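Down below is the structure, laid out as structure tokens.
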Amino acid sequence: MGAEALRLLVVSTPVGALGSGRGGGVELTLASLVAGLLERGHHLTVLAADGSRLPAGCERARLWSCPGVDQPSWQHQRRDSPVVMPAQALLPRLWQRAVGSQAGFDALINLAYDWLPFWLTPQLHTPLLHLVSMGSVAEVMDAVIADVARWDQRRLAFHTRAQADDFELSEAPVLVGNGFDLEAYGFCAAPEPLLGWVGRIAPEKGLEDAARAAALLGRRLAVWGLVEDPAYAAAVEAAVPAGTVDWRGFLPTSELQAELGRCAALLNTPKWNEAFGNVVVEAMACGVPVVAYRRGGPGELVQPGINGLLVPPDDVPALAAAVADAEGLDRQSCRAWVERTCSRAAFAERLERWLLSALGRSPA
Ligand code: HBI
């Protein structure tokens, strides 16, 4: 590690405690960010909801927590929804603790997709940086992110270009991708004739399209993920022949990767501008090629013919037609691509470069 050790406070999402799965992809991002920066010699403190557990690899970080009511998820709001603040809310308590302890850190890193931390940015003495976890989902968030970009865009980082392009920025965005502990993912060379789908089971993830594609092919679709919207899940299942969908539940990474690796291909069907697409990389890390809509982060991660195939968004027949070609791709090539671009070490190096740039310090 070349740069001097930084004292960093990472403030988590106010949607669910770490380890609950309710925080979605940002929990995995936090785990890789904290473990990766610890490995580079920095000192990390994580501030999250009561009941949070530090993810594997983050044991050397300090954990602070606050009680409080989760923030309503922006994914279930309308684009013109106002910012709401529940009684006994967790969000202001997290930021009261962060603001009160800022003097003890070289930088604060926010992973919450919420108005308050973005609005606070110019008010803090200790530099506050934001790894933006979603694309555009609400006007009031678009506006506060654009305000930070106008004030000092070095304070913002995004996962992909497709995500960053959703926002009004003053200059080329800092893109940091994401990172994964690839030792946690086993390579599977000999899959079953099983299709897979992974994600929060909610409308913006488009599970209904994957189920219809599997039904067109007469194939079974294994589905892993938190059933966030039971009515939606029931409607997906009712729309295809019985037995098409094989519900596997929300599994921790160690169990997920063991099952996911046995899939012949993963279908990825986002209906929204997915900021990154962790599940796409997790599948490839196990050797599973991905057939994805040409949309959002997955539209950038899938390299056609190398680690998967891209099809026109919302085109279910095209999704089904691409499966056979995807199953013929070299599974080692999927794993190799992830090792080149999405390791935790590579992610941490990109993060450190962003931090030093935002702090006006020279890179190692
Ligand atoms: N909603 N209000 C709010 N705040 C968040 O931090 C947030 C969210 N919805 C989803 C979410 N974070 C995470 O699932 C991201 O990984 C998408």
### Task
Report the convex hull volume per residue for region 130-259, counting only C-alpha atoms, in Å³.
144
### Where labels lie 7 Å past Cα in the beta-carbon direction, separation of VAL84 and GLU4 in nm
4.6
### Query
For SER362 and ASP315 in the same chain, what is the full-extension length gain: residue separation times 0.36 nm, less their Cα-Cα distance, in nm?
12.2 nm
#### Entry: Cα centroid separation - region 211-238 against region 60-86, whole Å
28
### Task
Let me have the 222 nm mean residue ellipticity of the chain computed from DSSP H runs of 4+ only, each contributing -39500 (n - 2.57), with the sum over all residues rounded to the nearest 500.
-10500 deg cm²/dmol
### Task
Please get the size of the charge dipole for the chain, origin at its Cα centre, with Cβ charges of +1 on Lys and Arg and -1 on Asp and Glu, quoted in debye to the nearest 20.
600
### Task
May I ask for the percentage of alpha-carbon pairs in the chain that lie more than 33 Å from each other?
27
### Query
How are the Cα pair distances of region 182-341 distributed, in percent, across 5 Å bins from 0?
2, 11, 21, 25, 23, 14, 4, 1, 0
### Query
Any idea what angle helix 344-358 forms with the longest principal axis of the chain, computed on alpha-carbon atoms, 0 to 90 degrees, nearest 10?
40
### Message
Students often get this wrong: which residues of region 202-229 have the backbone nitrogen under 16 Å from the point 7 angstrom along Cα-to-C-beta of GLU192?
### Response
219-225
### Message
Angle check, please: helix 90-100 long axis (alpha carbons) against the longest principal axis of the chain (alpha carbons), in degrees 0 to 90, nearest 10.
### Response
40
### Simple spin-label estimate for HIS125 and GLU255 in nanometres, 7 Å along Cα-Cβ
4.8
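Laboratory data are not the source of any read-out in this text; all were calculated from the coordinates shown. What you see is a predicted model; the values in this text were computed from it and never measured. Neighbour counts run over all protein chains shown; Cβ positions are idealised from the backbone, glycine included.
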